[in-house]
Amino acid sequence: MRYLPFCACVVSVVAAKCYNPSPAFPVPAWGKSGPILPKSAFDAIEKLVEEAVNGSFKTSSFSVEVTSNTKTLWAYHRSASIHDKTRPGVTKVDSQSQYRIASITKTFTTLAILYQHAAGNLSLDDSILDHLPELQGKDYGALPLKDITLRILASQLSGIPREFAFSDVLLTGVDPVDFGLPPVSKSVLNPCYSEPGAPPCDRADLINELVKMKPIFAPNQQSTYSNLAFDLLGLAIESATGLNYSSYIEQAIFDPLDMTFASLEVPPNDDHAVLPVGGNYWGEEESVQRPTGGIYASSSDMSKYLRYVLTHYNAIAKGVNWFMPASWSTGMNTFYGMPWEIARSDKVLFDTNRPVTFVTKGGALPGYFSIIVMLPEYGLGVTILVGGDSSLMPILEEAVTIPLIRAAEAAIWQHVNSTIAGPYIATNTSLNSTFTLEASPTSGLTLTTFISNSTDFLHDILPLIAGEFLDDHANNPYRIQLTPTLLYKNETTQSGEIWRMLLMSDHVKGKTNVWEYFCHTDVDPLSYAGLPINEVVFWHEEGIVELPAWKLTLKPANDETAKERFVVQGLGDL
């Protein structure tokens, strides 16, 4: 068949069997030139939260904020109705109320490492041994420290133990013999964490414990959570900067981001302190363990932080996309990053199985439970801070994040329908060239008609091509779907939004082949005269669409609607 050479070029797309390409739309510019999240969406989330709490959790306070790339979109705070009588702390929480954010601190530690990597003061691929002068040229025990890099530590792939302090059963207050354990004296533990009133553990204590440890896994073999890994990264930061860890984090991150209420020191007073009754970790000094869980912060601080991360994650250090997974975790759809806890789910959206990516980091200390959730495809970030009952956290996670994503999805497709979808005709009226785009949550932005210089590509040509490269899917429905590259023809002005057209087979429900879901992405199958044949460029300011390989420039079929369809959106009701 004469189309065989063409098919051979694009066959890799077929083998992928990728039914729902992602991203399906550019990162929204919420409340500017993009879609609008209506106030009603947040009212509905607030109602869900109130129904879920339902008068319970009287000793718990919490703060929730949702931010876009540019500003806070919604905040909700609930104050405990029962407080400690002698030390109540803040009794009405707001965006300035301070919580301990625990292990979310690890993301700040990693950001500091990335800054120093970018500055050339250290490398992600340095051995941690390079930053521990106490051990250089000495016996450092059984841990293969020379093979453990800073990148491996930040990615939870070091294979070293979780803790060097505080996790021992001897410190829990129960009698180990009651659990069938043999009697052992506390004297085997370092006094810095086993003796009440002893000075906090310092660098020397950490190094002393480190050389006694044995690995859980070989480096880079298997992910497992480690707080100790971030204690060591804190030492590397001090080695590279010549500053103590807390001073560097304050100067490099808190101050530039105007995180007014963020601190690694115990706040000087309780004016903003969330102090849950029943015992909490407020004021407990973590010393050398500050890099793993020492930060105090408010929800407004965290929204500022999320806005920075959402807009810089692929530009902090050369060659580093901070949101990329480094290894898989135990769950089928869960991954570790540096040090992100990443999940992907195809169960979130009503109309499609397109996966949604959650880039998260959680934290917990006695009395404090926290999580940040970034949704990079949606340009949204969520902060949830709890002081009190840990069982509140899963309730709030579900009540806030899932309805938020679904509302965002609906707003995005409404916007795409009003600004991009529709019929287009060639700007050169001598050409018989048209195409039509349709948008839906189910199929994304799809090409439904395409006539190029009087040739009906979808009707006359595509069936011949599809029959070749869709293989055993050839009898399934298929579509040409557009996916954004998130690049622009002019990156300086961010104009000329580049998309790619992909031939996608629709999934037939009921199929259970294991290999059915084996998908590798390939969006660049074929070129024509050196230009990608599937490239589409939207010049929103001019109200035109360009297909470079086809030498086509098109405009909306109704010129009168062009200005309306490509108009910059207002702020709406937010």
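The values are calculated or read from the model by the stated rules, or taken from the named source; none is laboratory data. From a predicted model like this one, the values you see are computed outputs, not experimental measurements. Every residue, glycine as well, gets a Cβ built from its backbone with ideal geometry; the counts of neighbours run over all protein chains shown. These accessible areas exclude ligands, DNA and RNA; they are computed on the full protein's heavy atoms, side chains included. Shrake-Rupley method; radii C 1.70, N 1.55, O 1.52, S 1.80 Å.
General observations
- For a paramagnetic label modelled on Glu134 (point 7 Å from Cα along Cα→Cβ), amide N atoms under 18 Å away belong, within region 264-298, to 286-292.
- Under 18 Å of direct C-alpha separation, and excluding same-chain neighbours fewer than eight residues apart, Lys347 reaches these lysines: Lys509, Lys511.
- Only helices enter the 222 nm calculation for the chain: every DSSP H run of n ≥ 4 contributes -39,500 (n - 2.57), and dividing by all residues gives -7500 deg cm²/dmol, rounded to 500.
- Couplings for region 412-422, taken from phi via the Karplus curve 6.51 cos²θ - 1.76 cosθ + 1.60 with θ = phi - 60°, read 5, 6, 4, 5, 4, 4, 8, 10, 10, 5, x Hz in order; Gly and Pro are left as x.
- Quarter of the Cα convex hull surface for region 339-443, i.e. its orientation-mean projected area (nm²): 8.8 nm²
- When Asp270, Asp94 are compared by accessible area of protein heavy atoms, the largest-first order is Asp94, Asp270, using a 1.4 Å probe.
- This model, with +1 at the C-beta of Lys and Arg and -1 at the C-beta of Asp and Glu, gives the chain a dipole about its Cα centre of some 540 debye.
- Which of Val188, Pro35, Ala317, positive extreme of dipole for the chain (C-beta unit charges): Pro35
- Karplus 3J(HN,Hα) series, Hz, for region 427-438 with 6.51 cos²θ - 1.76 cosθ + 1.60 (x for Gly, Pro): 5, 7, 5, 7, 9, 8, 9, 9, 8, 10, 10, 10
- Nearest-0.05 FRET efficiency for Glu398 and Tyr281, computed from C-beta distance (R0 25 Å): 0.45
- Coarse-grained scattering of region 295-360 at q = 0.15, 0.19, 0.26 Å⁻¹, given as base-10 log I(q)/I(0) from a Debye sum over alpha-carbon atoms: -0.62, -0.90, -1.09
- Each of Gln222, Ala236, Gln156 was scored by the projection of its Cα onto the charge dipole of region 115-244, and the greatest displacement toward the positive side belongs to Gln222; charges sit on the C-beta of Lys, Arg, Asp and Glu.
- Extension gain, Lys85 back to Glu195 (0.36 nm per residue minus Cα-Cα distance, nm): 36.7 nm
- Cα lying deepest toward the dipole's positive end in the chain, options Ala262, Ser167, Thr334, charges on Cβ: Thr334
- Crossing angle, helix 4-16 versus the chain [Cα axis fit, 0-90 degrees, rounded to tens]: 30 degrees
- Kirkwood radius, the chain, all distinct C-alpha pairs, inverse of mean reciprocal distance: 26.7 Å.
- Once the Cβ-Cβ distance of Tyr225 and Glu46 is raised to the sixth power relative to R0 = 30 Å, the FRET efficiency obtained is 0.35.
- Accessible area (Å², 1.4 Å probe, nearest 10) - Val90: 20 Å²
- Using a Förster distance of 45 Å, the FRET efficiency for Asp460-Leu243 (Cβ separation, nearest 0.05): 0.10
- For region 113-168, the dipole from Cβ point charges (+1 on Lys and Arg, -1 on Asp and Glu) about the Cα centre works out to 100 debye, to the nearest 20.
- One decimal place: the segment Leu487-Gln251 gains 81.7 nm when fully extended, by the rule 0.36 nm per residue minus the C-alpha distance.
- Percent of alpha-carbon pairs separated by more than 18 Å within region 201-271: 56 percent
- Modelled spin labels at Ala118 and Lys58, positioned 7 Å past Cα toward Cβ, are 4.9 nm from each other.
- For region 221-300, applying the loop criterion from DSSP together with a ceiling of 15 other beta carbons within 10 Å to the GluC sites (Glu not before Pro) yields Glu265, Glu284, Glu285.
- Taking other residues whose beta carbon is less than 11 angstrom from the beta carbon of Trp340, and scoring Lys, Arg as +1 and Asp, Glu as -1, yields +1.
- Between 0 and 90°, nearest 10: helix 105-119 axis offset from the chain longest Cα axis: 70 degrees
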